[in-house]
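Trainee: There's a structure below that I have some questions on.
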Amino acid sequence: MSFNSFGRVFRFTTWGESHGPALGAVVDGCPPGLSLDEADIQPWLDKRRPGTSRFTTQRQEPDRVRILSGVFEGRTTGTPISLMIENVDQRSKDYSEVALAYRPGHADYAYDAKYGFRDYRGGGRSSARETAARVAAGAVARAVIPEVRIRAYLVELGGDAIDRAAFDDAEIDRNPFFCPDAAAAARWEEIVDGARKAGSSVGAIVECVADGLPAGWGAPLYAKLDSELAAACMSINAVKGVEIGDGFDAARLTGETNADPMRPGPDGKPIFLANHAGGVAGGISTGQPLVLRVALKPTSSILTPVETIGRDGQAADIRTKGRHDPCVGIRAAPVVEAMVALVLADQKLLHRAQCG
């Protein structure tokens, strides 16, 4: 069985390949009566769209979304919402060598080992092109959780981190790296240009903060808010690590320093003095900001020759031609936002189903 769906009550399925005629998503379980049209979805796709700067792949895709079902007169009907995005700028000939040999670090060999057959054009289903469908579905999820503000940005690229003291939320939308530190963004230009000229690539870390969650979303064990978020973000192409709150740093703290002390608030709810837990305790939201970070490996499709084997089992070298992101993490920020939105919409509806 192949799993292409995610979610429990608010559930979405993505379909399509990198070099097929189109890709898209089907969103099921969306409540009826919500305001939604293509103009609500398009801005999020534009943030992820390729070819918007010299620091991303130069594949030119308009990523115009079409709503095929589930919306009538600008309102959701409660039936499945089908979304389609056409592919218009494929260059399949760039992948002739990939048809004969496996790209180390990519999913080529693993797909062949599983299916005995693979779509080598751009990686087929394993291409990050698939994430456009997730972003479209995430825009629908945002209509379910209008009380939540989700913001993702890069905090590290190529091993170079931002200065937290220079954090400027407005700066995130002013540079091509979704970077909240203008000085770091300037340094990153040189890092990415250098990687591209060298025929190489670099990794990145994306941080995402969601404000406005009430306390109570999630579940104690098998639908924990943090485990669902981790699964959602780990499903994104090139992601190799996810941490909530302090994450691995929590293992280096003591019990008293890792605690999030509370004081009485004027409305009877607690005022938290810290947020080491990242807004989740026991798998349930605390009402604090949700904080998570996602680590993305360097892009596997590079021009530098790498040792590999061919489909015939013989030794070979491979260099991947074509148009590729020198840092796949740059365009991952909108994708992380989308996956967080999809999880939160599902958790909101799950909470309402059980607790009213």
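The values are calculated or read from the model by the stated rules, or taken from the named source; none is laboratory data. Just so you know, these numbers come straight off a predicted model, no measurement behind them. Backbone-built Cβ (ideal geometry, glycine too); neighbour counts: all protein chains shown. Each accessible area value is taken on the protein alone, full model and side chains, heavy atoms only, with ligands, DNA and RNA left out. Shrake-Rupley method; radii C 1.70, N 1.55, O 1.52, S 1.80 Å.
Trainee: Under 20 Å from the mean Cα position of the chain (by Cα), buried (at least 16 other Cβ atoms within 10 Å of the Cβ), part of a helix (DSSP H, G or I) and at pLDDT 95 or above: is that true of Leu292 in this structure?
Mentor: Judged against the criteria, Leu292 is not a match.
Trainee: List the residue pairs whose Cβ atoms are under 8 Å apart, where the first residue sits in segment 176-199 and is within 20 Å of Ser301 (Cβ to Cβ), the second is among the hydrophobic types (A, V, I, L, M, F, W, C) and open to solvent by 50 Å² or more (accessible area, probe 1.4 Å), and the two are 6 or more positions apart or on different chains.
Mentor: Correct list of pairs: Gly199/Leu303.
Trainee: Gly203 - would you say it is touching a strand residue (DSSP E or B) at 6+ places or on another chain (Cβ under 7 Å), modelled with pLDDT of 95 or more and under 24 Å from Leu349 (Cα atoms)?
Mentor: no
Trainee: Restricting attention to segment 70-84, which residues are in a strand (DSSP E or B) and within 17 Å of Gly138 (Cα to Cα)?
Mentor: Val71, Arg75, Thr76, Ile81, Ser82, Leu83, Met84
Trainee: Regarding segment 208-219, can at least one residue be identified that is within 25 Å of Pro326 (Cα to Cα) and at pLDDT 95 or above?
Mentor: The answer is yes, given that some residue of segment 208-219 is within 25 Å of Pro326 (Cα to Cα) and at pLDDT 95 or above.
Trainee: Test each condition in (1) touching a residue at least 60 places away in the same chain (Cβ under 8 Å); (2) part of a loop (DSSP other than H, G, I, E, B) for His351 and report the one that comes out false.
Mentor: (2)
Trainee: Among the numbered conditions (1) surrounded by 17 or more Cβ atoms within 10 Å (Cβ to Cβ); (2) small (Gly, Ala, Ser); (3) modelled with pLDDT of 75 or more, tell me where Ala113 comes up short.
Mentor: Only one criterion in (1) surrounded by 17 or more Cβ atoms within 10 Å (Cβ to Cβ); (2) small (Gly, Ala, Ser); (3) modelled with pLDDT of 75 or more is unmet by Ala113, namely (1).
Trainee: From (1) surrounded by 17 or more Cβ atoms within 10 Å (Cβ to Cβ); (2) touching a residue at least 40 places away in the same chain (Cβ under 8 Å), pick out the condition that doesn't hold for Gly310.
Mentor: In the conditions (1) surrounded by 17 or more Cβ atoms within 10 Å (Cβ to Cβ); (2) touching a residue at least 40 places away in the same chain (Cβ under 8 Å), Gly310 misses (1) alone.
Trainee: Looking at (1) at pLDDT 95 or above; (2) touching a His at 6+ places or on another chain (Cβ under 7 Å), can you tell me which one Ala25 breaks?
Mentor: Status for Ala25: all satisfied but (2).
Trainee: Sticking with this one: Which of the residues belonging to segment 208-250 are more than 28 Å from Asn4 (Cβ to Cβ), in contact with a Ser or Thr (Cβ under 8 Å, 6 or more places away or on another chain) and among the aliphatic types (A, V, I, L, M)?
Mentor: Scanning segment 208-250 gives a single hit, Ala215.
Trainee: Among the residues of segment 263-279, how many are assigned to a strand (DSSP E or B) and either more than 15 Å from Pro214 (Cα to Cα) or in contact with a Ser or Thr (Cβ under 6 Å, 6 or more places away or on another chain) (or both)?
Mentor: 2
Residue-by-condition table, conditions (1) in a loop (DSSP other than H, G, I, E, B); (2) open to solvent by less than 10 Å² (accessible area, probe 1.4 Å); (3) in contact (Cβ under 8 Å) with a residue 24 or more places away in the chain:
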| position | (1), (2), (3) |
| --- | --- |
| Gly287 | yes, no, yes |
| Thr299 | yes, no, yes |
| Leu303 | yes, no, yes |
| Ile330 | yes, yes, yes |
| Val335 | no, yes, yes |
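Trainee: Further, regarding this structure: Mind listing whichever residues of segment 9-20 are under 17 Å from Cys233 (Cβ atoms) and not aromatic (Phe, Trp, Tyr)?
Mentor: Thr14
Trainee: Being open to solvent by less than 30 Å² (accessible area, probe 1.4 Å) and at pLDDT 95 or above is the filter here; which residues of segment 1-22 pass it?
Mentor: Passing the criteria: Gly7, Phe10, Phe12, Thr14.
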